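Worksheet for the structure shown next.
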2 protein chains.
Amino acid sequence: MNTKKAFVVGVDLGATTVKVGIVTKSGGLLDQISIDARAKYGPSAVIQQIVFSIQELFGRYKPSECFGIGIGAPGIVSTVEGTVQHPPNFANWTKVNLANEIKSKFNLPVIVENDANCAAIAEATHGAGIEFKNFLFIIWGTGIGGGVIIDRKIFRGPHGGAGEVGHVSIDYNGRLCNCGNYGCIESYIGQRYLSQRTKDLLISTPKNSVKTKLEELIDGDFSKLEPSIISQAAEAGDPIATGVLEEAGELLGYALASILNVLDLRVVVIGGGISAAPAFVYEAIITSLRSRVLKSHKDGIRVIRTKLGNTAGIIGAASLVMK
Amino acid sequence: MNTKKAFVVGVDLGATTVKVGIVTKSGGLLDQISIDARAKYGPSAVIQQIVFSIQELFGRYKPSECFGIGIGAPGIVSTVEGTVQHPPNFANWTKVNLANEIKSKFNLPVIVENDANCAAIAEATHGAGIEFKNFLFIIWGTGIGGGVIIDRKIFRGPHGGAGEVGHVSIDYNGRLCNCGNYGCIESYIGQRYLSQRTKDLLISTPKNSVKTKLEELIDGDFSKLEPSIISQAAEAGDPIATGVLEEAGELLGYALASILNVLDLRVVVIGGGISAAPAFVYEAIITSLRSRVLKSHKDGIRVIRTKLGNTAGIIGAASLVMK
């Protein structure tokens with residue numbers, strides 16, 4: 001990185017929100033804007049939102065001191081071509097050269113990368129993975145995504161699609177996943193399933209005169225059953241919430257055993273919305289992972305929480321430009 | 001490789017047999033010796049057998065024209081240190097520096113590598129994988145081993161243990177595997193299980209006055225139920241043999257879907273004793289793999305048979321020295 005330049009712009013493109021930040025050379029996040037991605041209005045609307053956010057920040061920070069723009073995007077991303085293909089939940093988006101689109105507006109270098117890979121890179125350079133040369137990063141949210149760090153670098157695989165850990169099946173006769181496979185770990189522990197499972201248990205469990213913590217928190221509104229609420233109830237000892245999260249941790253451990261066996265990894269860093277779950281969930285993951293992984297892989301098994309939280313995407317995207 | 005040197009020695013160390021060969025620069029196998037590994041008599045007996053075989057070949061080919069010795073070994077192999085740890089079915093073998101032991105006898109460069117990786121390298125450079133930059137190699141025999149080829153090179157993983165595909169679980173509530181995990185693909189399609197499954201079906205199926213092909217081939221001796229016999233019966237249309245192999249292929253396809261999703265691969269090359277199975281087994285693997293793998297990974301899915309057969313180990317071991 002040219003040391004005269006003071007910062008890099010990191011863009012974390014999600015189907016709901018575009019997050020854009022000013023990131024220093026040392027990975028510090030100086031400033032941040034979040035706006036609606038307008039994903040249902042097609043690619044040009046989304047590009048406009050990205051451009052608008054960057055322009056807004058360039059009103060506060062001199063563009064002449066910006067070294068470049070890094071973008072983390074969902075879907076199939078080609079870092080070489082700068083393209084983003086079929087990002088889920090983006091309307092009319094087949095294949096767009098996002099790097100060229102943004103470059104033409106600002107005349108700065110632009111690098112595009114898969115969003116899970118960006119977050120993995122950020123954890124590797126500035127977050128929970130900083131002390132590990134090799135680890136698996138997992139985004140645990142609506143879906144389960146992954147990024148593989150080998151020798152402190154991202155392992156993209158031959159086609160840029162490595163680390164699709166959400167679609168490792170733990171039961172070939174199991175639940176039908178959105179991807180068409182059966183038993184994918186995503187279909188057992190993704191946000192929607194956890195909410196539905198909690199709802200089902202709440203409905204089927206005989207009511208007591210005293211409200212449980214979960215009943216108290218949602219107050220009859222099942223749409224409030226988000227992971228943060230389930231985690232909050234579990235922290236307070238709610239048995240249904242605790243059971244749902246413990247089971248999810250156990251199942252994730254089973255999937256991780258297969259994945260670590262294949263990739264020869266020992267450390268897992270968990271990010272995404274559900275990574276904020278209570279410590280007992282991490283204990284459940286480690287216990288089941290340790291009981292299942294190959295003996296030769298048991299030494300040094302670690303499962304740890306993200307340090308950067310939801311800023312990992314911006315920081316990781318920015319760090320692409322710094323290299 | 002020094003072009004003045006005419007050949008390399010390749011050693012394929014198995015618990016039953018040591019195979020040693022003279023391999024040309026272009027991967028041609030000029031000569032080969034197979035002798036008992038004497039694995040139950042401890043490391044020095046095994047080393048003696050390797051040394052004896054090489055000396056025997058050096059009686060036929062001038063050692064002065066040998067560029068070095070490559071050894072493929074089971075267990076945990078450190079190519080950097082030259083050590084082999086805990087190879088299964090080798091008595092009293094904790095950790096042995098096999099490279100130093102052989103080097104001290106011949107004063108030639110010696111390189112040691114995992115046996116599945118050796119076979120993968122051989123298929124990549126001289127076998128079924130020659131047209132593919134990236135593929136997964138599988139040894140399908142008593143156990144299921146694997147080697148991952150990325151960009152025509154072996155992907156060892158951070159600790160040299162990548163590609164343990166036999167211990168990917170397809171059912172977290174499934175069969176108990178030798179490794180302690182449940183539902184490992186090895187426990188469903190490894191040689192011992194296939195033989196046992198065939199035996200069980202033979203016993204439980206009502207006998208007809210006309211003998212089935214399988215009954216004819218084994219003539220009442222269940223110990224003859226090796227994969228080659230099962231394959232032979234299946235080729236002749238035996239329904240039990242066909243069913244067992246078809247089911248094995250289907251289950252392997254399920255495991256491969258998870259593995260290819262994580263590694264971002266499209267091509268699988270199958271070696272090992274059971275790779276000689278009839279073509280319909282490969283069709284079963286491809287059909288189930290295609291039905292389960294991610295849409296983005298479906299293009300170019302291929303599952304093909306080894307070209308080098310049981311010489312892959314020797315040729316791959318030799319090719320380590322040529323690099």
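Readers should treat all values here as calculations from the given coordinates under stated rules, not as data from a laboratory. Computed from a prediction, not measured in an experiment: that's the story for all the values here. Note that each Cβ is placed from the backbone with ideal geometry, even for glycine, and that neighbours are counted across all protein chains shown.
At-a-glance table
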quantity	calculated
Shape call, the range B:247-323: gyration tensor on alpha carbons, a/c limit 1.5	oblate
Shape category assigned to the range A:197-274 from the gyration tensor of Cα positions, a/c cut at 1.5	prolate
Value of relative contact order over the range A:130-237, rounded to a whole percent, pairs C-alpha under 8 Å and six or more apart	16
Chain A - Rg and Dmax from Cα coordinates, angstrom	20.4, 67
Inverse mean reciprocal Cα-Cα distance (Kirkwood Rh) of the protein assembly as shown, Å	26.8
Segments B:196-202, B:145-151, B:302-308 sorted - mean Cβ within 10 Å per residue, highest first	B:145-151, B:302-308, B:196-202
Nearest-first distances (nm) between copies at A:Lys207, label 7 Å from Cα via Cβ	6.7
DSSP loop GluC sites (Glu not before Pro) with at most 15 other Cβ within 10 Å: longest gap in chain B	B:132-323
Student exercise, chain B dipole from Lys, Arg, Asp, Glu Cβ charges, in Debye to nearest 20	820
Peptide A:248-261 - average C-beta neighbours from other chains (10 Å radius)	4
Total lysine pairs whose alpha carbons fall under 24 Å of each other in the range A:131-306 (8 or more apart, or interchain)	11
Along each principal axis, Cα extent of the range B:131-306, largest first, Å	55, 34, 25
Dipole magnitude (debye, nearest 20) for the range B:1-139, charges at Cβ of Lys, Arg, Asp, Glu	320
Whether the range B:13-168 is rounded, prolate or oblate, judged on the alpha carbon gyration tensor where a/c under 1.5 counts as rounded	oblate
Lys, Arg +1 and Asp, Glu -1 on Cβ, resulting dipole of the protein assembly as shown about Cα centre, debye, nearest 20	1600
Computed helical MRE - 222 nm, the protein assembly as shown, DSSP H runs ≥ 4 contributing -39500 (n - 2.57), nearest 500	-11500 deg cm²/dmol
Exercise: per-residue mean of other protein chain Cβ atoms within 10 Å, B:291-302	4
Candidates per trypsin sites (Lys or Arg not before Pro) in the range B:206-236, loop by DSSP, up to 10 other Cβ within 10 Å	B:Lys207
Within the range B:131-306, percent of DSSP bridges classed antiparallel, to nearest 5	55
All lysines inside 24 Å of A:Lys103 as judged from Cα atoms, apart from same-chain residues fewer than 8 positions distant	A:Lys4, A:Lys5, A:Lys19, A:Lys25, A:Lys40, A:Lys62, A:Lys95, A:Lys323
Distances in nm from B:Thr16 to the matching label points in the other copies, shortest first (labels 7 Å along Cα to Cβ)	5.8
